Structures are given as structure tokens and as C-alpha cells.
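Encoded as C-alpha cells, the structure appears first; notes follow it.
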Amino acid sequence: MTITDWNDKVLKRQGVNARSAAPKIVRSVGDAKRATLHDGTVVERVEMIWVDGYGLVKCAPYELHFIYQLPRHIPGWGLMCTCGSIAGVVGYNAYTKLASPTDTGMIIVCVRHTTLKNNEGIGRHADESTE
Ligand SMILES: [Zn+2]
């Protein structure tokens, strides 16, 4: 299954009908601070992204990949990880077991990474990189 199919399956299960075609990352530099999408748009690592309904939400600080907002001219699910997975807002305690149960903060995570981490104990991005 390609990551795009996987994205669609996950979104559909949650009742979301957005197409989530993952923009292909054609180039990213070693420090994972910026990446170039297939149409030449450069996206950069940011600490926080404005998400409708949530406000400013912190991005999970992955080392190998980063969360970015899909540019408005590219149709699809608005939040992506540079690994190709969709990204999404979760409670901070879903991101790390270290969070206190009373921590009500929200964080944007790579959905693929978080799903595999919860299911298998090891977080893996769509390109199989672990962190
Ligand atoms: Zn990822």
C-alpha cells in the first residue's frame, strides 16, 4: 500500500473525504529544515502552525522529517509530514507517554509515525525511518 492510499484510508475511517495525495518531496537537505515539493514550492520547518478550530499548535519536533502546511494552491489534506504521511492534531498525551495526564496541550504529529508507535511501539515515518 502506498502512503497516499494509507492516508486516504485513515482519513476515510475518520469520516474525512479530503483527498490526501501526498506531494512528492523532490529535495530535502540534511538538517530537515526545508523541503521542495513536486511543483517547486519550498516548505520550511516551523515550530507552530495555525489550525482552524485549535489556534496555534506546536509541531512535533521530529529530527528526520517535519510537519508542514500544504500550500493553499495544492489540493488535499492541509497538514502533512515530509515523509508523505498526513499530519494531524492530537492531545499531547497521545504523542508522548511522558506527558502528565492533566496535560491538555495539543500537538501536530505525523499520523503514520504516531499510529505505528501506538500499534507496534516504534514510531516509523512513511519512508520507514524511525525516531
Ligand atoms: Zn512522518
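The values are calculated or read from the model by the stated rules, or taken from the named source; none is laboratory data. Keep in mind that this is a model prediction, so the values were computed, not measured.
Can you pull out the residues in region 107-131 that are hydrophobic (A, V, I, L, M, F, W, C) and either at pLDDT below 90 or in a helix (DSSP H, G or I) (or both)? If the condition is that a residue be hydrophobic (A, V, I, L, M, F, W, C) and either at pLDDT below 90 or in a helix (DSSP H, G or I) (or both), then V111, L116 are the ones that fit.
Among strands (runs of 3 or more DSSP E) entirely within region 48-91, having at least 3 residues that are under 20 Å from K33 (Cα atoms) singles out 48-51, 55-59, 67-69, 79-81.
Quick check: anything in region 25-35 within 15 Å of I3 (Cα to Cα) and at pLDDT 90 or above? No, every residue in region 25-35 fails to be within 15 Å of I3 (Cα to Cα) and at pLDDT 90 or above.
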